[in-house]
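Trainee: Just passing along the structure, written as C-alpha cells.
The values are calculated or read from the model by the stated rules, or taken from the named source; none is laboratory data. Because the structure is predicted, anything quoted here is derived from the model rather than measured. Every residue, glycine among them, receives a Cβ derived from its backbone with ideal geometry; neighbour counts consider all protein chains shown. These accessible areas exclude ligands, DNA and RNA; they are computed on the full protein's heavy atoms, side chains included. Shrake-Rupley method; radii C 1.70, N 1.55, O 1.52, S 1.80 Å.
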Amino acid sequence: MKSLVVGLDIDGVIVDFGTAMLPLLSEVCAKPVAYQDLCDWDLGEALSISQGTMTRTWEQLFESDALRYAPPIAGALNGLSALSQHEIWLVTSRPLVTQDLTLSWLHDNKVHYDQIVFSRRGDKLAAGPKFDVFVEDFLDETKILAEAGIFTILFDQPWNKASELPTNCKRAYNWDDVLGMINELV
C-alpha cells in the first residue's frame, strides 16, 4: 500500500507554463515580458491586458504547441520519481481540450503518477481521495485546501506572494523543499 496520497497541480508546480507563455504574452503586449512580470494570478491584470484579449490569449495558448513543449519546473521530474512510493494524483485547472497534449507531455517526460483529473479550479478537494498533502501554486486554492485540513505546500511563484499563509501551509521555493516537507510527513 502507498504511504501518502499526494495531490499536485501541474502548471507552476511541474510544468513551467510561465516560461512557455512569455513569447505569446510579449507578442500581445508588444514588448518583452519577463517571468517576474507575471506578478498576479490574473495575468491580464498583471500586464494591463483587457479581459477579452486575455481570453483570446488563453485560447491561443491552448491551441498552440506551447504547453506541449513547455519546460518542466527545475527538479520536478526527479522529485516526482522520488515520490513514487506514494499515491500521486495530478489535479489541474487545465481545460479538457488540453488533455491530449498534457498526457503527451507527461509521457514524453516520463512523469510517474497514479491518477490525473482535469478542470478542477476551485474544487480540487472533490477531485479524488482525501489528500494527505497537496502541492499548489494558486494562493486561493492553497487556502481552501489548507482550511480543509490538508497539509498544503505553496510552490513559490511571482503570482502567489503573500505576507501570511494559512495554518497547515508552508511555502516551497524549489523541489528539494517539496520533498523535504513531504518526507517529514511520512
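Trainee: Within region 126-143, how many residues turn out to be farther than 15 Å from Leu165 by Cα and open to solvent by 10 Å² or more (accessible area, probe 1.4 Å)?
Mentor: Residues in region 126-143 being farther than 15 Å from Leu165 by Cα and open to solvent by 10 Å² or more (accessible area, probe 1.4 Å): 6 in total.
Trainee: Sort out which residues of region 150-186 are charged (D, E, K, R), over 21 Å from Lys130 (Cβ atoms) and either touching a Gly at 6+ places or on another chain (Cβ under 8 Å) or part of a strand (DSSP E or B) (or both), and write them in order of number.
Mentor: Keep residues of region 150-186 that are charged (D, E, K, R), which gives 156, 161, 164, 170-171, 176-177, 184.
Then keep just the ones that are over 21 Å from Lys130 (Cβ atoms); that gives 156, 161, 164, 171, 176-177.
Within region 150-186, Arg171, Asp176 qualify.
Trainee: Still on this model: Pairs needed: first member in region 151-173, free of Cβ contacts under 8 Å to residues at least 60 places away in the same chain; second member anywhere, hydroxyl-bearing (Ser, Thr, Tyr) and open to solvent by 40 Å² or more (accessible area, probe 1.4 Å); C-beta distance under 8 Å; at least 6 residues apart or different chains.
Mentor: Asp156/Tyr173
Trainee: Given (1) under 17 Å from the mean Cα position of the chain (by Cα); (2) in a loop (DSSP other than H, G, I, E, B), identify the lone condition not met by Lys110.
Mentor: (1)
Trainee: Is region 126-134 home to any residue that is under 14 Å from the mean Cα position of the chain (by Cα), at pLDDT below 95 and in a loop (DSSP other than H, G, I, E, B)?
Mentor: no
Trainee: What are the residues in region 177-186 that are out of contact with any helix residue (DSSP H, G or I) (no Cβ under 8 Å at 6 or more places or on another chain) and of a type outside the set (Val, Ile, Thr), if any?
Mentor: Within region 177-186, the subset out of contact with any helix residue (DSSP H, G or I) (no Cβ under 8 Å at 6 or more places or on another chain) is 177, 180-186.
Of everything in region 177-186, those that are out of contact with any helix residue (DSSP H, G or I) (no Cβ under 8 Å at 6 or more places or on another chain) and of a type outside the set (Val, Ile, Thr) turn out to be Asp177, Gly180, Met181, Asn183, Glu184, Leu185.
Trainee: Can you find a residue that is more than 23 Å from Ile182 (Cβ to Cβ) and out of contact with any strand residue (DSSP E or B) (no Cβ under 8 Å at 6 or more places or on another chain) anywhere in region 83-95?
Mentor: yes
Listed here are the residues, each with its yes/no results for (1) out of contact with any Leu (no Cβ under 9 Å at 6 or more places or on another chain); (2) open to solvent by less than 20 Å² (accessible area, probe 1.4 Å); (3) not hydrophobic (A, V, I, L, M, F, W, C).
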residue	(1), (2), (3)
Asp9	no, yes, yes
Ala34	no, no, no
Trp41	no, no, no
Ser50	yes, no, yes
Asp65	no, no, yes
Pro71	yes, no, yes
Ser93	yes, no, yes
Thr98	no, yes, yes
Thr102	no, yes, yes
